[in-house]
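Presented below is the structure to which this report refers.
The values are calculated or read from the model by the stated rules, or taken from the named source; none is laboratory data. Because the structure is predicted, anything quoted here is derived from the model rather than measured. FYI the Cβ positions are ideal-geometry reconstructions off the backbone, even for glycines, and counts take in every protein chain you see. The area values use the complete protein model at the heavy-atom level, side chains included, leaving out ligands, DNA and RNA. Shrake-Rupley method; radii C 1.70, N 1.55, O 1.52, S 1.80 Å.
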Amino acid sequence: MNVILLFNIAGFVTSVLCGDDGLCQTESCNNKMTTPLFNNQNAPLVAMIDLSKADEHVKEYINRAIETKMTNLVKTKLEDVFKSLKLEEDVKLYVDEVKQNVTLNITDDIKRIIDEVLQGKQMKPAFFVTLKTNQNLGRNAVLKFTNVVTNIGSGYDVNTGIFRAPKTGVYEFSANFISNGNNWLEINLMKNEHLIARGHCAKTQGVAGTLQVILELLKNDTIYLKHPRDSGSIYGADYSMFSGHML
């Protein structure tokens, strides 16, 4: 005769079979495992453990155990490594150094950007020159304005009368000139030896002429005023002038 006693141990349904043969005799034994608890000649006991939820519990238990073990292991090993290499002090020094370098770099970058902005605003090429004395001109003579009022970027050469663009960009140029004596006065504005615009004064003393252009220049392009006639004369005393600036 067999007697089954049921127990709930740690989430497992456990049954104890009291009988003389220790064998499971029902269909529900498919998910059960039998194991002897102790032997007795008169009443052998057999423990039957329900394994239907065994996988879930076992996995959970193993995962917790591994996680705890690995966490403790990693912490212990890292502490040992830090102690052996003195990383804590080195890392602190490194972070402080990085912070200082970042601050210096940011300061330098800000200063550089401000300098570039100021230079861009204050140093756009520009010039303004006038003629102090009268000049007699021959064919293809370049007008040389000797009185330099403004020459930002040093683009205008007082010795040659030629403006050389310090930067690529769009420029505006203008010229005002007065005829001197009973001579025709014709002025051509030139770009790299190419004629851009013409202006002239009638054959009468004190007649004014003007030129004004807007040009796109590359760096080192040249601009100047040239007299194409065989003879002519331009009046000085700051009445005749030449100017240009980058827009």
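Hey, can you find the accessible area per residue of the range 126-246 for me, probe 1.4 Å, expressed in square angstrom?
On the way: 5900 Å² over 121 residues.
On a per-residue basis, the range 126-246 sits at 49 Å².
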- Taking the Cα centre of the range 129-197 as origin and charging only Cβ (+1 Lys, Arg; -1 Asp, Glu), how large is the dipole, in debye to the nearest 20? 120 debye
- Query: Using the alpha carbon gyration tensor of the range 126-246, what are the three equivalent-ellipsoid semi-axes (square root of 5 times each eigenvalue), largest first, in whole Å?
  - Reply: 23, 14, 12
- When the Karplus curve 6.51 cos²θ - 1.76 cosθ + 1.60 is applied with θ = phi - 60°, which whole-Hz ³J(HN,Hα) does each residue of the range 227-232 get, with x for Gly and Pro? 9, x, 7, 5, 8, x
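Between Asn134 and Ile214, take the C-beta separation as r, use R0 = 41 Å, and let me know the FRET efficiency to the nearest 0.05. Before the final figure, lay out each step's value.
Details: r = 30 Å, r/R0 = 0.73.
For R0 = 41 Å, the calculated efficiency reads 0.85.
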- Residues whose placed amide H lies under 5 Å from that of Arg229, excluding near-sequence neighbours: Asn140, Glu186
- Message: With a 1.4 Å probe and all protein chains left in place, how much of the accessible area of the range 126-246 comes from carbon and sulfur atoms, in whole percent?
- Response: 47 percent
- Item | Taking the range 126-246 and dividing mean pair separation by its residue count, relative contact order in percent (alpha carbons under 8 Å, at least six apart) | 41 percent
- In terms of modelled amide H atoms, which long-range or inter-chain residues lie less than 5 Å from the amide H of His200? Ile187, Thr210
